[in-house]
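Below: one structure, written as structure tokens.
Bear in mind these aren't lab numbers, they're just calculated from the coordinates by the rules spelled out. Note that the structure is a prediction, hence the values are computed from the model and not measured. Positions of Cβ are generated from backbone atoms using ideal geometry, with glycine treated the same way; all protein chains shown enter the neighbour counts.
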Amino acid sequence: MDIIKAIIIAIIEGLTEYLPISSTAHMGFTANLLGLPEDEFLKMFQVSIQFGAILSVVVAYWKKFFDLNNLQFYFKLAFAVVPALVLGYLFDDKIEAILGNQIAISSVLVVGGVILLFADQWFKNPQIDDEKGITIKKAFIIGFWQCLAMMPGTSRSAASIIGGMSQGLTRKAAAEFSFFLAVPTMLAVTMYSVFLKTWGKETGNPQKGYEMILASQDHIMIFIIGNVVAFIVALIAIKAFIELLNKYGFKPWGWYRIFVGVALLIYFYFFK
């Protein structure tokens with residue numbers, strides 16, 4: 001993978017990480033269309049550049065993340081992230097196995113799109129319009145909803161936002177809490193993938209993520225540039241998404257997922 005292709009994938013990550021359209025699916029499809037081999041470094045790169053996207057949330061909402069007078073905020077995130085940490089660790093191998101199945105991911109993209117078409121109708125009369133109204137119990141429940149995104153193609157953002165709306169949050173409040181929850185969730189996933197996970201066990205050349213990054217100057221540059229690009233693009237995408245979600249709801253994203261999912265099903269079934 002050269003730097004240009006790494007930048008393209010990072011742009012896709014930044015654009016889609018916080019949208020309800022599945023960043024994993026879009027990065028996988030993009031890598032496939034770019035003709036990149038599905039090797040261990042590519043898989044690790046797609047996970048590790050989420051670190052840049054995470055930092056964009058911290059910067060965009062820095063007053064929230066560094067308000068030490070609001071300890072409840074940190075407790076809520078801690079409880080909400082527990083389900084994903086536990087289930088993600090238990091099902092890591094099964095999740096990785098699905099990542100290469102583009103037909104399955106495309107199908108999930110379509111199914112998720114159909115669900116988004118009706119999401120606004122299911123959750124009416126929200127009562128909570130900011131994070132302070134979220135109890136620890138509600139945060140924990142939203143954390144379980146987020147686990148639905150362990151199936152590639154589902155979208156962590158979509159699952160956690162709908163989970164928030166199921167607990168009485170407005171679309172804006174649910175979207176923002178989804179952003180907040182992404183920070184500990186994706187930070188844990190990134191740290192695990194880079195420092196703890198052993199990649200390529202079945203290839204006879206097992207390596208930690210950081211070992212692959214440090215293997216060459218090109219890999220180091222790709223890792224750094226990928227994270228910087230993902231950070232910049234995600235910072236722009238976050239603000240735009242909140243405005244679009246408030247104005248149009250989920251339906252446009254639902255139609256987008258269905259259109260892209262069907263197009264990709266046709267492509268992978270007939271032409272790959």
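Against the main long axis of the alpha-carbon atoms of the chain, helix 3-16 sits at an angle near 20°. For the chain, modelled as a GNM whose springs connect Cα atoms under 10 angstrom apart, the maximal fluctuation among L187, L109, L71 occurs at L71.
Answer rounded, prolate or oblate for the range 124-226, using the Cα gyration tensor with square roots of eigenvalues a ≥ b ≥ c: rounded when a/c is under 1.5, else prolate when a/b is larger than b/c, else oblate. Prolate is the answer for the range 124-226, as a/c is 1.5 or above and a/b outweighs b/c.
Local charge for F65 was computed over the other residues whose Cβ lies under 13 Å away, with Lys and Arg +1 and Asp and Glu -1, and equals 0. Under the combined filter of DSSP loop state and at most 16 neighbouring Cβ atoms within 10 Å, the range 1-57 retains these GluC sites (Glu not before Pro): E38. Put simply, the amide H of W199, placed in the peptide plane, has neighbours under 5 Å in Q207, K208, G209, leaving out anything fewer than 5 places away on its chain. Build a GNM of the chain with springs between Cα atoms under 10 Å: which of L244, L55, L169 gets the top mean-square fluctuation? Between L244, L55, L169, it is L244 that shows the largest mean-square fluctuation.
Shape call for the range 75-189 from the C-alpha gyration tensor, a ≥ b ≥ c root eigenvalues: rounded (a/c under 1.5), prolate (a/b greater than b/c) or oblate? Verdict is oblate for the range 75-189.
Entry note, the chain: the mean residue ellipticity at 222 nm calculated from DSSP H runs of n ≥ 4, each adding -39500 (n - 2.57), is -23500 deg cm²/dmol after division by the residues and rounding to the nearest 500. Find how many whole Å separate the alpha carbon centroid of the range 1-65 from the alpha carbon centroid of the range 213-237. The range 213-237 and the range 1-65 have Cα centres separated by 9 Å. Using θ = phi - 60° in the Karplus curve 6.51 cos²θ - 1.76 cosθ + 1.60, the 3J(HN,Hα) couplings for the range 167-173 round to 9, x, 7, 5, 4, 5, 5 Hz; x is entered for Gly and Pro.
Among S48, S23, S107, determine the one that fluctuates most according to a GNM of the chain built with springs between C-alpha atoms less than 10 Å apart. Judging by the Gaussian network model, the answer is S107. Only one residue of I4, L244, T198 has its Cα farthest out toward the positive end of the dipole of the chain, where Lys and Arg carry +1 and Asp and Glu -1 on Cβ, and that residue is L244.
Lys-Lys pairs in the range 90-237 that are eight or more residues apart or on separate chains and whose Cα atoms lie under 29 Å of each other come to 13. Shape index of the range 3-270: Rg/Rh, with Rg the Cα radius of gyration and Rh the Kirkwood radius from the inverse mean 1/r over Cα pairs, equals 0.96.
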